Amino acid sequence: MRFPLKLTANLTRYIATNRIRGVKKFPLVMMLEPLHACNLTCTGCGRIREYKSTIDEMLSVEQCLAAMEECGAPVVSICGGEPMIYPEISRLVKEILAAGRHIYLCTNGMFIRKKLHEFRPSSSFFWNVHLDGLERTHDLCVERDGVFREAIEGIKAAKAAGFYVCSNTTIYKETDLSEIAELYAYLHELGVDGYMLSPAYNYAAVMTREIFMSLIEKYNLMISPIYREYLKGERELTCTAWGNPTYNPRGWKGPCYLMTDKHHDTFRGFIEDTPWEKYGRGNDPRCEDCMVHVGFEPSAVLGANSKLGDNWKLLSWQLSGKMGGAGRRSDADSGGNGHGGGQGNGRTTPWQAGDATPPGQLVAPDGSLRVL
Ligand code: SF4
């Protein structure tokens with residue numbers, strides 16, 4: 001399975017219920033930004049710049065939960081800013097899980113080791129660690145040395161404690177895809193369960209490259225085949241930005257995660273007062289080159305511009321995936337995630353103790369990372 005069974009079942013039930021009720025616009029993933037402050041100043045981050053004047057503001061846990069209830073999305077992606085510096089992050093996670101929602105906790109990974117003891121593994125909870133390349137590249141992107149290594153240590157600790165972990169990578173024009181292939185090979189060995197990957201705002205050309213296709217075949221990429229077809233220019237999709245609404249200390253950000261024309265006090269106001277017909281390609285010049293995940297992956301799942309056979313494609317995509325990296329298969333519904341209690345993949349490395357790191361390999365026999 002590409003995702004935990006419980007997540008797929010809940011999402012399917014939720015979509016079916018809304019369709020039966022005739023709801024036209026309903027969210028799939030709530031992007032919850034409890035704060036915009038961050039311990040890093042990454043080159044490509046819009047948040048610390050857009051929200052500079054309110055960088056000290058924070059939502060209370062109660063505000064987050066009230067917004068989550070109003071919106072109703074079955075999946076909550078906690079992002080920011082850096083959510084791990086939100087003082088009540090573990091309580092927030094606990095309360096959202098208690099409400100039966102699924103969580104992706106998006107983090108730069110710097111505080112996973114420090115705060116891991118505050119969290120419990122669950123089949124509804126993923127650590128989602130942002131990595132834009134191998135050590136040198138990633139540390140350059142985040143403008144600080146040591147971030148990649150700490151994130152990797154965080155991933156190892158989380159896997160050893162039995163958590164689900166996925167990674168999130170933005171592909172820029174300058175990105176060397178063979179480096180991403182190396183990164184994935186390394187994360188796969190660590191037992192990482194899935195890979196989110198999104199082209200930067202106006203850079204979809206990458207998706208047609210052969211090496212990209214080989215990543216899709218080899219690893220548990222969490223990009224639907226329909227969104228992929230769109231990125232490759234093989235089909236049209238209309239933007240469904242309301243499928244991934246963003247809530248932050250200023251309110252519901254409209255129209256989308258990327259653009260801010262207005263903050264709405266309520267989710268209902270966001271849905272009803274946003275002039276949706278004015279956005280998307282051909283309607284707003286700012287949307288012309290946009291192909292981002294938050295605008296178009298919900299379109300794929302919600303069946304906007306659907307074609308015969310799409311449901312089958314989505315089903316076989318879900319069934320063909322495999323979490324757990326190079327190690328044993330995850331058992332998503334065994335209480336925890338079924339792959340705890342060991343480091344990474346639980347497999348014997350081909351190297352013997354004392355061996356030097358083989359050329360071209362990233363991991364030394366003792367599990368440490370080769371300096372790149
Ligand atoms: S096309 Fe992109 S920028 Fe425009 S509203 Fe949709 S997600 Fe936002």
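The values are calculated or read from the model by the stated rules, or taken from the named source; none is laboratory data. Keep in mind that what you see is a predicted model, and the values were worked out from it rather than measured. Every residue, glycine as well, gets a Cβ built from its backbone with ideal geometry; the counts of neighbours run over all protein chains shown.
When Tyr230, Tyr279, Tyr257 are checked against the criterion of being hydroxyl-bearing (Ser, Thr, Tyr), buried (at least 18 other Cβ atoms within 10 Å of the Cβ) and more than 10 Å from the ligand (Cβ to nearest atom), a single residue qualifies: Tyr230. State whether the residues of the stretch 37-44 include one that is outside any loop (DSSP other than H, G, I, E, B), surrounded by fewer than 18 Cβ atoms within 10 Å (Cβ to Cβ) and either in contact with a Leu (Cβ under 6 Å, 6 or more places away or on another chain) or of a type outside the set (Gly, Ala, Ser) (or both). Taking every residue of the stretch 37-44 in turn, none turns out to be outside any loop (DSSP other than H, G, I, E, B), surrounded by fewer than 18 Cβ atoms within 10 Å (Cβ to Cβ) and either in contact with a Leu (Cβ under 6 Å, 6 or more places away or on another chain) or of a type outside the set (Gly, Ala, Ser) (or both).
Only one of the listed residues (Ile48, Ile15) is touching a His at 6+ places or on another chain (Cβ under 7 Å) and either at pLDDT 95 or above or not hydroxyl-bearing (Ser, Thr, Tyr) (or both). That residue is Ile48.
Can you pull out every residue in the stretch 209-219 that is at pLDDT below 85 and either assigned to a strand (DSSP E or B) or of a type in the set (Ser, Thr, Tyr) (or both)?
Ser214 - this is the single residue of the stretch 209-219 that is at pLDDT below 85 and either assigned to a strand (DSSP E or B) or of a type in the set (Ser, Thr, Tyr) (or both).
Each row is one residue, and each column tells you yes or no for (1) closer than 29 Å to Val142 by Cβ; (2) in contact with a helix residue (DSSP H, G or I) (Cβ under 6 Å, 6 or more places away or on another chain); (3) assigned to a loop (DSSP other than H, G, I, E, B).
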position	(1), (2), (3)
Met1	no, no, yes
Ala9	no, no, no
Thr17	no, no, no
Gly22	no, no, yes
Phe26	no, yes, yes
Ser53	yes, no, no
Ala66	no, no, no
Val93	yes, no, no
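Residues in the stretch 286-313 that are out of contact with any Pro (no Cβ under 7 Å at 6 or more places or on another chain) and away from the ligand (no atom under 16 Å from the Cβ): Gly303, Ser306, Lys307, Leu308, Gly309, Asp310, Asn311, Trp312. The listed residues are Glu143, Glu118, Glu135, and the only one of them that is surrounded by fewer than 20 Cβ atoms within 10 Å (Cβ to Cβ) and either more than 24 Å from Glu50 (Cβ to Cβ) or within 17 Å of the chain's Cα centre (by Cα) (or both) turns out to be Glu118.
State the number of residues belonging to the stretch 227-258 that are of a type in the set (A, V, I, L, M) and either over 16 Å from Ser198 (Cβ atoms) or modelled with pLDDT of 90 or more (or both).
1
Gly325 passes every criterion in (1) within 16 Å of the ligand (Cβ to nearest atom); (2) surrounded by 15 or more Cβ atoms within 10 Å (Cβ to Cβ) apart from (1). Would you call Glu272 in contact (Cβ under 8 Å) with a residue 24 or more places away in the chain, more than 10 Å from the ligand (Cβ to nearest atom) and among the charged types (D, E, K, R)? Against the criterion (in contact (Cβ under 8 Å) with a residue 24 or more places away in the chain, more than 10 Å from the ligand (Cβ to nearest atom) and among the charged types (D, E, K, R)), Glu272 does not qualify.
Scanning the stretch 185-208 for any residue that is modelled with pLDDT under 80, closer than 25 Å to Gly44 by Cα, part of a loop (DSSP other than H, G, I, E, B) and in contact with a Gly (Cβ under 8 Å, 6 or more places away or on another chain) turns up at least one such residue.
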